[in-house]
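Participant: Before I ask anything, let me first share the structure, which is written out below as structure tokens.
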Number of protein chains: 2
Amino acid sequence: MKMQIGWDRDAARQNRSRLGTKGSRAVIAAGLFIGAAAMSGRADEGMWLVNKPPMKQLKNKYGFEPKREWLEHVQKSAVRLGSGGSGSIVSADGLVMTNHHVGSDNLEKLSTPERDLLKTGFLAKTRADEVKCDDLEIMALWTIEDVTERVKGAAAAGMSTADANTARRKMMSTIEQEAEEKTKLDCQVVTLYQGGMYHLYGYKRYTDIRLVFAPEQQAAYFGGDNDNFEYPRFCLDVCFFRIYENDRPLKSEHHLKWSKNGSADGDAIFVLGHPGRTRRLYTADHLRFLRDNEVPSVLRQLWRREVQLQSFSGRGDENARIAKGDLFGVQNSRKAWTGIMAGLHDPEIWKRKLEDEKKLRAFVDGNPDRKGQWGDAWDKISAAQKTYREFYLRHRTRGGSSTLAGIARDLVRLAEEKTKPNADRLREYRDTELDSLFLDLYSPAPIYDDLEIDRMASGYSYWAETFGGEDPLVAKLLGGKSPRDRAESLVRNTKLKDVEVRKKIAEGGQEAIKNSTDPLIKLAVETDPEFRAVRKRYEDEIEAAERDGYAKIAAAQFALYGEDLYPDATFTLRLAYGSAKGYKEDGHVVAPFSTLAGTYKRSEERKGAPPFDLPQRWIDGKSKLRLDTPYNFVSTADIIGGNSGSPVINKAGEVVGLIFDGNIQSLVLDIAYTEEQARALAVDSRAIIECLRKLYDAGSLADEIERS
Amino acid sequence: MKMQIGWDRDAARQNRSRLGTKGSRAVIAAGLFIGAAAMSGRADEGMWLVNKPPMKQLKNKYGFEPKREWLEHVQKSAVRLGSGGSGSIVSADGLVMTNHHVGSDNLEKLSTPERDLLKTGFLAKTRADEVKCDDLEIMALWTIEDVTERVKGAAAAGMSTADANTARRKMMSTIEQEAEEKTKLDCQVVTLYQGGMYHLYGYKRYTDIRLVFAPEQQAAYFGGDNDNFEYPRFCLDVCFFRIYENDRPLKSEHHLKWSKNGSADGDAIFVLGHPGRTRRLYTADHLRFLRDNEVPSVLRQLWRREVQLQSFSGRGDENARIAKGDLFGVQNSRKAWTGIMAGLHDPEIWKRKLEDEKKLRAFVDGNPDRKGQWGDAWDKISAAQKTYREFYLRHRTRGGSSTLAGIARDLVRLAEEKTKPNADRLREYRDTELDSLFLDLYSPAPIYDDLEIDRMASGYSYWAETFGGEDPLVAKLLGGKSPRDRAESLVRNTKLKDVEVRKKIAEGGQEAIKNSTDPLIKLAVETDPEFRAVRKRYEDEIEAAERDGYAKIAAAQFALYGEDLYPDATFTLRLAYGSAKGYKEDGHVVAPFSTLAGTYKRSEERKGAPPFDLPQRWIDGKSKLRLDTPYNFVSTADIIGGNSGSPVINKAGEVVGLIFDGNIQSLVLDIAYTEEQARALAVDSRAIIECLRKLYDAGSLADEIERS
């Protein structure tokens, strides 16, 4: 699925700079098929905590018992990218491998109308040629500590659900701040099993990241939106960055070695990555909310924006260039959500969900103690969903994906939040988050007026379409103008394109905000109280109730199924496992491996028309390639958005591939695991080396990797 | 705007076969700018009844006083095409000129995977080579009779609003039936000025229509969705059909002559066509409903379907071919509605609307008689809109645009309606409408399973997205399956693809419906009562109230402004006027005429990438052309969707052009006329001849036209 998170600027901003945002609504693993899986011991299900791996399953199915050292080594070799994906360190000199589509945001920022890196690709011939990325951060999970008791203990008996939620949140901020002072790591309390468990993660954080290599987007994203989520595939969806510290390449003690032989059909493989979010525990009613409210609303926004971005791009080459990232993000998300929606309308999935829920509720209701402790959980969650329906749209509608409007809002909120004690702040303005915030806020990455106007006009118009022209907040957003005129006026008149202006306002605090005549700052000041109010309502009435309810359901699951469960995804490090394996589709067998030869065949079949056109380098270099080199492959590993760029490794911990997508049938993994057809897609390690050496004159980079 | 009506199959079916459907909610002309226009005498506003032309304006501004003969001649030379556009007869042998995009539905139906007429174009070398279209009908307005008193008289004093509405509708059916028996014309009572006036139109109807000529779609729609509604333009958006009667070309007494010299900047021109619908009289509250409910809902469906159709088309060439018509329709409508939405958010338009309404209401309230008669109109309409908000979505959401589902519904309804007296039937099943219905219902045009499945799955999924998976009607539509599985099963198992099966069911009446095991018939039987109920609720509670209210507002307008007003568009014949005239945009002047040379320049600028690629014939033939030939031009004529294919004529009644589009600024004409930038786009008559002769080897066709 181009397993990356976030389809709009706003979401990307949140993901990039804040570790736990995605996790704030995380829920524990339900394992829809957990009964079947446990019984048969065969399904490769689960996104497991790296410090709580599925030892039994690995041993039973793959005869593998990873040692503590193996686990620690791969944990510290895996990284997360601020732009919203996964990666791994693959040399002793801090070389980081991820997907092209994870790095493309930065490739776009480094491009100009005259030098479009997405078109041409990039290779640093020497280390001196490696180019610094403006606002990319990379994190490696270094320490894990269980802080469950301290967090849980913060909520005193007798507190209301909302107050208990607030108290726990404050305690999490306090723990993080203490830990950062002590360890100098970047610290984050992660809510697992929806309050069943709280872990303090300490990350090494790197911000001097330089671009080493990227192929042409044509090669990385061959087949485009047409082939996205399809298989077989032919994508060189890889790029390499390098981590620098003190202006020198990072001496990376932990890094993954490269496999000489790759993997073969049936071989055990492991995926280390940062799956963003799953909802496998959702109650049936919560899934109904997803199906009938949330997903339709998300899809509506995506369809709308996709068409608008295509119109924008159709106006000329430069428009197409600057909107490429937005368009890719929207199309990718649209396809992913379409797949999730299909799952939500699959009678088979409903049948199992209802049976699962019935079984668990019967277990709970069958015993007075259990009933007393957990019995009200389902109804509480249903009640919260019912309330949420009333203001869901108002909570989830954003003011567009404008970079400038996002900056204005951050400045306004930062000034206000900084006047509060750390633990009382909105979580993304805690002291421990400020480094990431500033990286983002002071990014010198280009901001294009035309695209900003288009984004902003689209956002304001969406507000008007959704809430009507008479809505008071809509009136504030529009300021007596049409959406386009308003956007035009705001973008042309704001000074926030200048990084120094942003710094000055940020440093000036509340006073600077009050005195600012910048139209975007003024608009943010005017509208932010309402955005804050709806967020608070959500946290108090919905999040708190869900957290409370799911904590109970989690406890009931532990009681019924035992402790051997994985938590729903939280955009933190997880271990998935499985094997390279084909599947059946429309009656025919889909083989697990594609080859480089297949690329040329597919391009011919589609007469070389975009997006099936090959880069000139590929056309000219065909004879140089070993065409039978395995190119992409599918495996049964349990992955989801956020896993983009995850290394695929073998039992020896060596890289055999690079996750870049899932097939259409895998999209349903958001709500339920199934092994029948759902597959993770990876670039084969052998194709990466073959292409680097034969097509891209990148022999020394290939040497560095293979030497690792 | 590709001034055609209707973006989905369902709408097209309605338009194709039923003359008055679009008129049923028609409202009288408000003339937002009527004060200013009347005072200055300068704006070229109005879509005038051909039997009530704006004599004063034409005389004052253009020194032209059309004679009765002139008016009758052009009236009888103008035609309407069942597929939803306008046209004109341009030779003594029944040659009909319209837009390529009006004829493209039929070009598509005549195409096969091996012979794609949209790609290759078509020229019948001899009359024997002219190809019959399966289900195209062409109508010429022959007689006009005022039946206002009879229709109004049908509603007895003291009747409820809903009953009065029903009584008038019945009377209209009775009048039509009587007239058809007497005149053998196709008769239709048209509601003008929203009940201020009722006219009985008698049409000559032709159904043996043969294709004569069409260029490549690449030439007709050069610039594609990018350039749609833009100017300058370079489109040969023309095609020719021929009307046959008794297997011979129609001897057309009335037909338009061809101008030798075309028109020049500032020349008076006239447009005869069938504008579909305008809403210039809408009250401010009604416009709010449009802005906040109706247009957002329409746009949501269009954005959604556009993305889905692009995905469908991306899967292969044959998919792209069979979905081309759907995609064009959706994109075209999306752009048009986007323009209307922009108008609905234009503060200037609101200012004038509110002033206009204030003035009229003050006039009404200023006098007790007037207040008693008309004073409650605005509040009544507002109250109806408020009620309508409750069930608007349910009324307007269709079961998708599936051809097969539409056939099933027609069969089920036809059987039931035929058991009722003519006047009591749903209007589209009146005896006077059955010929058109059967033309449609028994069309042997190809139906493609894959596209049908895609349409149907999309439709059912849309229902679920809109009303939720627990909705009883959604449950019936889905039948316990996912939307795609349901669609797949219905399409694969229905026998309605066979025209003979349709005929048998239609002839078998209620009994045949009852005994049918066809899954689509069964589904239609199961769901139709609810669709009928919501339609009835709309007619009784909304339509009746609006009709009542607008009739009062119309009367008040006549009292304030005099009788010299045109009615809002009703997809019936109208006369618009103006002159070729450029405009200013973003500070620069847009010249009124483009040339053939501009086509080549534009293609070069965009590097010949689709949709800016030229047909090979154009590339090879460049040197043969007089490149300074005027190609497209803009004029101030007041047009809207439905005007596609309208002839543009001069004072002598000779063809100087062919309407095919409006510019972006003209889209607002749906709700208000403005002459500042809004322009009608036409193909210049000189370019049509030049291309026929020099590029398409169609000399004898050009001769026939010029000889006319």
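The values are calculated or read from the model by the stated rules, or taken from the named source; none is laboratory data. What you see is a predicted model; the values in this text were computed from it and never measured. Here the Cβ is made from the backbone with ideal geometry for all residues, glycine too, and neighbour counts use every protein chain on show.
Participant: Any idea how many residues of region B:407-425 are touching a residue at least 60 places away in the same chain (Cβ under 8 Å), surrounded by fewer than 17 Cβ atoms within 10 Å (Cβ to Cβ) and assigned to a loop (DSSP other than H, G, I, E, B)?
Facilitator: The number of residues fulfilling the criteria is 2.
Participant: Further question: Just to be sure, is A:ALA475 away from every other protein chain (no Cβ under 11 Å), over 23 Å from A:GLU318 (Cα atoms) and modelled with pLDDT of 95 or more?
Facilitator: So A:ALA475 fits the description; yes.
Participant: Filter the helices (runs of 4 or more DSSP H) completely within region A:333-405 down to those with at least 3 residues that are within 14 Å of another protein chain (Cβ to nearest Cβ) and surrounded by fewer than 18 Cβ atoms within 10 Å (Cβ to Cβ).
Facilitator: Here the list reads A:347-365, A:377-396.
Participant: Also, quick follow-up: Any residue at all in region B:519-536 that's outside any loop (DSSP other than H, G, I, E, B), more than 30 Å from B:GLU675 (Cβ to Cβ) and small (Gly, Ala, Ser)?
Facilitator: Yes: region B:519-536 contains one or more residues that are outside any loop (DSSP other than H, G, I, E, B), more than 30 Å from B:GLU675 (Cβ to Cβ) and small (Gly, Ala, Ser).
Participant: May I ask you to list the residues in region A:562-584 that are farther than 26 Å from A:GLY273 by Cα and touching a helix residue (DSSP H, G or I) at 6+ places or on another chain (Cβ under 8 Å)?
Facilitator: Answer for region A:562-584, where residues must be farther than 26 Å from A:GLY273 by Cα and touching a helix residue (DSSP H, G or I) at 6+ places or on another chain (Cβ under 8 Å): there is none.
Participant: Somewhere in region A:285-302, is a residue among the small types (Gly, Ala, Ser), under 20 Å from A:ALA342 (Cβ atoms) and surrounded by 22 or more Cβ atoms within 10 Å (Cβ to Cβ)?
Facilitator: No: zero hits.
Participant: Mind telling me which of the residues B:VAL74, B:VAL96 ends up being modelled with pLDDT of 95 or more, in a strand (DSSP E or B) and crowded, with 21+ Cβ neighbours inside 10 Å?
Facilitator: B:VAL96
Participant: Residues that are surrounded by fewer than 24 Cβ atoms within 10 Å (Cβ to Cβ), over 26 Å from the mean Cα position of the chain (by Cα) and at pLDDT below 95, at least 1 per element: which strands (runs of 3 or more DSSP E) completely within region A:575-693 meet that?
Facilitator: Answer list for region A:575-693: A:583-585, A:588-590.
Participant: Another question, if that's okay. Any residue at all in region A:434-452 that is within 25 Å of A:LEU309 (Cα to Cα), within 14 Å of chain B (Cβ to nearest Cβ), surrounded by fewer than 23 Cβ atoms within 10 Å (Cβ to Cβ) and not hydroxyl-bearing (Ser, Thr, Tyr)?
Facilitator: yes
Participant: Among what's in region B:453-472 and is among the small types (Gly, Ala, Ser) and within 22 Å of B:PRO529 (Cβ to Cβ), pick the residue that is nearest to the other protein chains (Cβ to nearest Cβ).
Facilitator: B:GLY468
Participant: Which one of the conditions (1) modelled with pLDDT of 95 or more; (2) farther than 25 Å from A:ARG300 by Cβ does B:GLU253 fail to meet, given that it meets all the rest?
Facilitator: Status for B:GLU253: all satisfied but (1).
Participant: Are there strands (runs of 3 or more DSSP E) fully within region B:167-251 with at least 1 residues that are surrounded by 22 or more Cβ atoms within 10 Å (Cβ to Cβ) and not hydrophobic (A, V, I, L, M, F, W, C)? List them.
Facilitator: Where strands (runs of 3 or more DSSP E) fall fully within region B:167-251 and carry at least 1 residues being surrounded by 22 or more Cβ atoms within 10 Å (Cβ to Cβ) and not hydrophobic (A, V, I, L, M, F, W, C), they are B:186-192, B:197-206, B:239-245.
Participant: If B:ALA155 satisfies every condition in (1) in a loop (DSSP other than H, G, I, E, B); (2) surrounded by 22 or more Cβ atoms within 10 Å (Cβ to Cβ) but one, which is the exception?
Facilitator: B:ALA155 satisfies all of (1) in a loop (DSSP other than H, G, I, E, B); (2) surrounded by 22 or more Cβ atoms within 10 Å (Cβ to Cβ) except (2).
Participant: Could you tell me which residue of region A:270-320 is nearest to the other protein chains (Cβ to nearest Cβ), considering only residues that are among the small types (Gly, Ala, Ser) and part of a helix (DSSP H, G or I)?
Facilitator: A:GLY314
Participant: Can you name the number of the only condition in (1) surrounded by 22 or more Cβ atoms within 10 Å (Cβ to Cβ); (2) modelled with pLDDT under 95; (3) of a type in the set (Asp, Glu) that B:GLU465 fails?
Facilitator: Evaluating B:GLU465 over (1) surrounded by 22 or more Cβ atoms within 10 Å (Cβ to Cβ); (2) modelled with pLDDT under 95; (3) of a type in the set (Asp, Glu) leaves (2) as the failure.
Participant: Name every residue in region B:482-510 that is under 16 Å from B:GLU526 (Cα atoms) and facing chain A (nearest Cβ under 10 Å), in order of residue number.
Facilitator: Residue satisfying the conditions is B:ARG486 alone.
Participant: Just name the residue that is nearest to the other protein chains (Cβ to nearest Cβ) out of those in region B:321-330 that are in contact (Cβ under 8 Å) with a residue 24 or more places away in the chain and touching a Leu at 6+ places or on another chain (Cβ under 8 Å).
Facilitator: B:VAL330
Participant: Cβ-Cβ below 7 Å, separation at least six or inter-chain, first residue in region A:102-128 and over 17 Å from A:TYR696 (Cβ atoms), second assigned to a loop (DSSP other than H, G, I, E, B) and acidic (Asp, Glu): which pairs?
Facilitator: Hits for this filter: A:LYS109/A:ASP134.
Participant: Determine whether region A:550-571 contains at least one residue that is touching a residue at least 60 places away in the same chain (Cβ under 8 Å), closer than 30 Å to A:ILE689 by Cα and within 27 Å of the chain's Cα centre (by Cα).
Facilitator: yes
Participant: I would also like to ask the following. Can we say B:ALA26 is at pLDDT below 95 and surrounded by 24 or more Cβ atoms within 10 Å (Cβ to Cβ)?
Facilitator: yes
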